[in-house]
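Before any comments, here is the structure.
The values are calculated or read from the model by the stated rules, or taken from the named source; none is laboratory data. The shown structure was predicted, so the numbers you read here are calculated from the model rather than taken from an experiment. A quick note on method: Cβ atoms are made from the backbone with ideal geometry, for glycine too, and the neighbour counts reach across all protein chains shown. To get the accessible areas, we keep the full protein, side chains included, count just its heavy atoms, and leave off ligands, DNA and RNA. Shrake-Rupley method; radii C 1.70, N 1.55, O 1.52, S 1.80 Å.
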Amino acid sequence: MAMRRTPLALATLAVASLALAACGSGTSDSGGADGDKTVTVYSADGLGDWYSKQFVEFEKQTGITVQMIEAGSGEVVSRLQKEKANVQADLVVTLPPYIQKADADGLLQPYTPAGADQVTGATDTYVPVVDNYLCFIYNPDKVDTAPTTFDDLLSPTFAKKLQYSTPGQAGDGTAVLLHLQHILGKDKALEFLAKLEANNVGPSSSTGKLQPKVSKGEIYVANGDVQMNLASINNDRSNFKIFFPAGPDGRTSTFSIPYTMGLAAGAPHADAGRELADFLLSTTAQEQVSQQAYGVPARADVKPTDAQFQQVEQALQGVEIWPADWAKILTEMDADIAAYNEALGLA
């Protein structure tokens, strides 16, 4: 998912770009006393409000500087693939099913951070770090009430006033396709999305770029995710509201799309990557993720009570959360994206 950048993200992006041009996979591991004391993170963006504070504290405690590059979920893994012979990333944070794809393609190496035993979905190569959920947003100045059902999105009211990020490129966009497959079935999901093209502004590789467009009223409706959207509403005073369209059965539902991290195979600063993974999964960092970024802690033993977490719970009240089978989704993803592109004439 591609989202808004914080000042730290912009600064580290520039620094990281320069650093990546200079370093190669033969660089010494800098997690300890030797090396240049840096760690490079490739992350699906959206956690900048949390990262900005956690990275400062991490450097204060360890002396290790964090360099970060943010991109869409698919872009993160695509970049890892392109750099496989000359690895630049140390720690990778992206959404499913892209983290599973990275693992299947040999782009991650085994590492189990401290506290992973408290996290649902952890494996020996990746672990969820912040939980999150698919949602949609609308501009209340342009639409009196939230669309009740997915079929409502087909209304002429939204002609060229609706946009969703592209499946196969953005994690949230892929989540839209997966959710429609779950509630409609694969064939009917494609039929629906083909009809929706009459209202869709066009492809977008960035979910985050849709937020200001909805806030300004350039478009009325877009897809998003609870964590990113609540952060934007509260921190940026964005003018939109979260909603969950109902399926044919009249029930509103969503599913978890957690930010998930893994250590890059061949990481040039693997020890530093391990230290940062441990730090981000520590109870202290996890206790602050809702306060700082409206995320849900991945650790089951961390139980936030802050007002920000209560907003997350309120947004999800009455919404059924269905379990995603990411192993199955991964085996079918390439075919599903190809079918989507063909159905919409994008192939």
Extending each Cα 7 Å along its Cβ direction at Glu59 and Lys37, get the distance between those two points in nm, one decimal.
1.1 nm
In this structure, the FRET efficiency calculated for Phe255 and Lys186 from their beta-carbon separation, with R0 = 22 Å, to the nearest 0.05, is 0.90
Once Lys and Arg are counted +1 and Asp and Glu -1 for all other residues with Cβ under 15 Å from that of Leu80, the total becomes -2
Rounded to the nearest Å, the spacing of the alpha-carbon centers of the stretch 93-111 and the stretch 310-333 is 19 Å
Over the stretch 158-292, what percent of the accessible surface lies on carbon and sulfur atoms, probe 1.4 Å?
48 percent
Tell me, in nm to one decimal, what length is gained between Ala307 and Asn341 on full extension, where the rule is 0.36 nm per residue of separation less the Cα-Cα distance?
8.1 nm
Students often check this: by mean Cβ neighbours within 10 Å, which of 299-310, 247-258 ranks highest, and how do the rest follow?
247-258, 299-310
Can you tell me which lysines have their Cα less than 23 Å from the Cα of Lys60? Leave out same-chain residues fewer than eight positions away.
Lys37
Rounded, prolate or oblate for the stretch 143-273? Axes are the square roots of the Cα gyration tensor eigenvalues, ordered a ≥ b ≥ c, and the cut-off for rounded is a/c under 1.5.
prolate
Sorting check: for 124-131, 278-285, which peptide has the highest mean count of neighbouring beta carbons within 10 Å, and how do the rest follow?
124-131, 278-285
Going down the list Lys160/Lys186; Lys53/Lys161; Lys160/Lys188; Lys101/Lys188; Lys84/Lys213; Lys142/Lys209, which pairs span over 28 Å between their C-alpha atoms?
Lys53/Lys161; Lys84/Lys213
Straight-distance crosslink candidates among aspartates and glutamates, where the alpha carbon sits under 13 Å from Lys241 and sequence neighbours closer than 8 are dropped:
Asp141, Asp144, Asp225
Keeping all protein chains in place, calculate the accessible area per residue for the stretch 229-308 (probe 1.4 angstrom), answer in Å².
34 Å²
Evaluate the distance, in nm, between pseudo-label points positioned 7 Å from the Cα of Lys209 and of Lys195 along their respective Cα→Cβ axes.
2.9 nm
Taking a ≥ b ≥ c as the square roots of the eigenvalues of the Cα gyration tensor of the stretch 134-207, is the shape rounded (a/c under 1.5), prolate (a/b larger than b/c) or oblate?
prolate
Based on the mean of other beta carbon atoms within 10 Å per residue, what is the order of 56-64, 44-52, 105-113, 200-208, most packed first?
44-52, 200-208, 105-113, 56-64
On a straight-distance basis, which aspartates and glutamates could pair with Lys195 in a cross-link, Cα separation under 17 angstrom, same-chain partners fewer than 8 positions away excluded?
Asp151, Asp152, Asp187, Glu342
